[in-house]
Amino acid sequence: MIRLYLSILFSLFVTVSFAQKKEIATARDNVKSGKNLDQVEKNMLKLLKDSANKENPRIYRLLNAAVQKQYEQLNEKMYLKQSVDSAAFFLTLNRAFQYAFLTDSVLPNERKHYGPFLYRYLQNLNAGGSYFFRKEKYNEAYTLLDTYISCKKHPMFADRKHEIHRMKAASFRALCCGYRLNNFEKTVKHRKQALLYKPGNMVATKYLAETYQKVDSTYSKYVEMLDSGFVKYPCEEYFFTRLLNHQMANREYEKSLQLAEDAIDMCPYNELYLYAKSHILLSMEKYDECIAAADSTLAVSDSIADCYYIAGIANYYLAEQFQENSVKDKDAKVKMHDYYRKSMAYLEKYREREPDRKDKWGSPLYNIYLNLNEGRKFDEINLLLRNIAPTTEKTQKPRNRRR
C-alpha cells in the first residue's frame, strides 16, 4: 500500500515537473518571439507563488524579460509616433523595476540580466510620476515616484549622482500625492528628502503641518513644522497665524507676545502682525500697551476693523477700573469718563464698519452711554437691544467689569 502511494506521489511529481518545464519552455519561446508577453508575466508570477520555485533563476529571468520586452515594444511604438496608452507605458516600466527588485532580494547575482535595462530607463520612472501628477492621478503618481526614489538606496544606482536634485523634486511630488490622498504614511515617507527641495519647501512644510495636526495628539510635530515654517518664511502669514492660534488656545501669552514681536521685527508693516500683538496684549490685560499697539496698526492701515474694537474695549476696561471709586473720588470719576469717551470713539467707529456685530459693540456702548449721560444715544441703543432680544434684556446690558 505504501509502495503504491509513493508510486502515485512520484508520478504526480514527475507530471507537475514536466508541466512546469513545458510552461517555462513555452515562456522562453514567447519571450524570444515577443508574443503573449503579458501571459508569460502572469504565468511566471504564478510559479513564484510556489515556495519550491522561490530561488529558481530561470523563472525570475523570464519574468524580468517578459515585462522588459513589453516596455520596449511600447517604447518603440512611441518612438514611431504610433498610438500608445501612456498610463500603460509608465506602469509597465514600474512593474519592470518592481520585479527586478524582487529578484535582487532573492538572487542578487542575477542583476547582470536586468541592471542595464533599469539603468537606461531610470529617469522615465520620474517622468511617469510627473505625468500622473499632472493628470491628478495621485495613486499612480505616488507608485512611480516611490519606486524612483527607492532607487537612490540601491547599489546599482550608486553612481547616479546627477539624480540627486531630481530625487528631491520627486520626493516633494510624492509628499504632495500623499497629502492629496489624505494618506499619512505616503505623505511623511519621503519628507526629509522633500524638505530639501527648495522650490517646494514652503508647501511641503505646510502639508506636513496639516498632516501632523490630524494625527499627533500632542501637537508636537505640528508645532515643530509651524516653527520651522515661521523661521524660514516669517512674512508668510500661514505659519504665524496657526502657531499663534495654538499658543493662544493654550494660554501661552508670553510665547504669543514674543512671536508677534519677532514677526513685527521682520515684517514691520504687516498689519495682521500688528493687530495680533494688540489682541494678545488685550488677553494679557495690558490695556495701555494694547491701545498703543492697536493705534500702531491703524496708522499702517485701518483695513482690520477689529482694531477699533480692541482699542475701544481696552479703554472700556480701563474706565471700569475707576468706576468703583468714582462716586467718592472726583479724579477717579474724571478718569473714568475720559476712558469711556475714548472707548466710545473707537467703538462707534467699529459699529460703522461692522453694523451687524451688535454682539460685540452693543453691550459696551450701552454702558458707556449710560455712564456718560448720552441720553439720545442711550435711548437709541436701549431700543435696539430690546428689539434684538426683549426676553433676555439683562444679557444685553453687561454689568460693569470688576477686576
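The values are calculated or read from the model by the stated rules, or taken from the named source; none is laboratory data. These numbers were taken from a predicted model, which means no experiment stands behind them. In this analysis, Cβ positions are derived from the backbone assuming ideal geometry, glycine residues included, and neighbour counts consider all displayed protein chains. Just the protein is used for accessible areas: all its heavy atoms, side chains included, with ligands, DNA and RNA removed. Shrake-Rupley method; radii C 1.70, N 1.55, O 1.52, S 1.80 Å.
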Could you identify the single residue in Lys214, Lys206 that is out of contact with any Asp or Glu (no Cβ under 6 Å at 6 or more places or on another chain), loosely packed, with under 15 Cβ neighbours inside 10 Å and either part of a helix (DSSP H, G or I) or of a type in the set (D, E, K, R) (or both)? Lys214
Give all pairs with beta carbons closer than 7 Å in which a residue from the stretch 256-272 that is under 17 Å from Ala299 (Cβ atoms) meets a residue that is open to solvent by 40 Å² or more (accessible area, probe 1.4 Å) and of a type in the set (Gly, Ala, Ser); count only pairs at least 6 apart in sequence or on separate chains. Glu271/Ser303
Which residues, counting only those in the stretch 217-257, are assigned to a helix (DSSP H, G or I), of a type in the set (Asp, Glu) and farther than 26 Å from Pro199 by Cα? Glu254
Give me the pairs: first residue in the stretch 51-65 and part of a helix (DSSP H, G or I) and hydrophobic (A, V, I, L, M, F, W, C), second residue open to solvent by 80 Å² or more (accessible area, probe 1.4 Å) and modelled with pLDDT of 95 or more, beta-carbon distance under 6 Å, and six or more apart or on different chains, which are they? none
Taking the condition of being open to solvent by less than 40 Å² (accessible area, probe 1.4 Å) and not in a helix (DSSP H, G or I), how many residues in the stretch 263-277 meet it? 2
Answer residue from the stretch 30-57, given it is farther than 18 Å from Phe97 by Cα and open to solvent by 90 Å² or more (accessible area, probe 1.4 Å) and is farthest from the chain's Cα centre (by Cα) among those: Lys32
Go through the stretch 169-183 and report how many residues are in contact with a Leu (Cβ under 9 Å, 6 or more places away or on another chain) and within 13 Å of Thr143 (Cα to Cα). 6
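Is it the case that some residue within the stretch 84-99 is more than 30 Å from Asn56 (Cβ to Cβ), out of contact with any Pro (no Cβ under 6 Å at 6 or more places or on another chain) and not small (Gly, Ala, Ser)?
Keep residues of the stretch 84-99 that are more than 30 Å from Asn56 (Cβ to Cβ), which gives 84-87.
Now narrow it down to the ones that are out of contact with any Pro (no Cβ under 6 Å at 6 or more places or on another chain): 84-87.
Imposing the further condition that a residue be not small (Gly, Ala, Ser) reduces the set to 84-85.
Yes, the stretch 84-99 has at least one match.
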Check Asn325, Asn315 and return the single one that is in contact with a helix residue (DSSP H, G or I) (Cβ under 8 Å, 6 or more places away or on another chain) and open to solvent by 50 Å² or more (accessible area, probe 1.4 Å). Asn325
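Out of curiosity, is Asn371 touching a His at 6+ places or on another chain (Cβ under 9 Å) and either modelled with pLDDT of 95 or more or closer than 25 Å to Lys286 by Cα (or both)?
Numbers: touching a His at 6+ places or on another chain (Cβ under 9 Å): yes; either modelled with pLDDT of 95 or more or closer than 25 Å to Lys286 by Cα (or both): yes.
So Asn371 passes the test.
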Residue list for the stretch 190-219, filter: modelled with pLDDT of 95 or more and small (Gly, Ala, Ser): Ala194, Gly200, Ala204, Ala209
Would you check which residues across the stretch 140-178 are assigned to a helix (DSSP H, G or I), open to solvent by 60 Å² or more (accessible area, probe 1.4 Å) and more than 16 Å from Arg95 (Cβ to Cβ) and list them? Lys152, Lys153, Pro155, Lys161, His162, Ile164, His165, Arg166
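If only one of Lys112, Lys152, Lys161, Lys186 is touching a Gly at 6+ places or on another chain (Cβ under 6 Å) and charged (D, E, K, R), which one is it?
Values: Lys112 fails: touching a Gly at 6+ places or on another chain (Cβ under 6 Å); Lys152 fails: touching a Gly at 6+ places or on another chain (Cβ under 6 Å); Lys161 fails: touching a Gly at 6+ places or on another chain (Cβ under 6 Å).
So the residue among Lys112, Lys152, Lys161, Lys186 that is touching a Gly at 6+ places or on another chain (Cβ under 6 Å) and charged (D, E, K, R) is Lys186.
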When (1) more than 38 Å from the chain's Cα centre (by Cα); (2) surrounded by fewer than 18 Cβ atoms within 10 Å (Cβ to Cβ) are applied to Ser86, the one that fails is (1)
Positions within the stretch 300-321 being touching a residue at least 40 places away in the same chain (Cβ under 8 Å) and part of a loop (DSSP other than H, G, I, E, B), in sequence order: Ala305
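Taking the stretch 187-202 as the region of interest, how many residues are open to solvent by less than 60 Å² (accessible area, probe 1.4 Å) and in a helix (DSSP H, G or I)? Lay out the reasoning, then the answer.
Step one: of the stretch 187-202, the residues open to solvent by less than 60 Å² (accessible area, probe 1.4 Å) are 187-188, 190, 193-195, 197, 200-202.
Subsequent filtering for residues that are in a helix (DSSP H, G or I) retains 187-188, 193-195, 200-202.
Counting residues in the stretch 187-202 that are open to solvent by less than 60 Å² (accessible area, probe 1.4 Å) and in a helix (DSSP H, G or I) gives 8.
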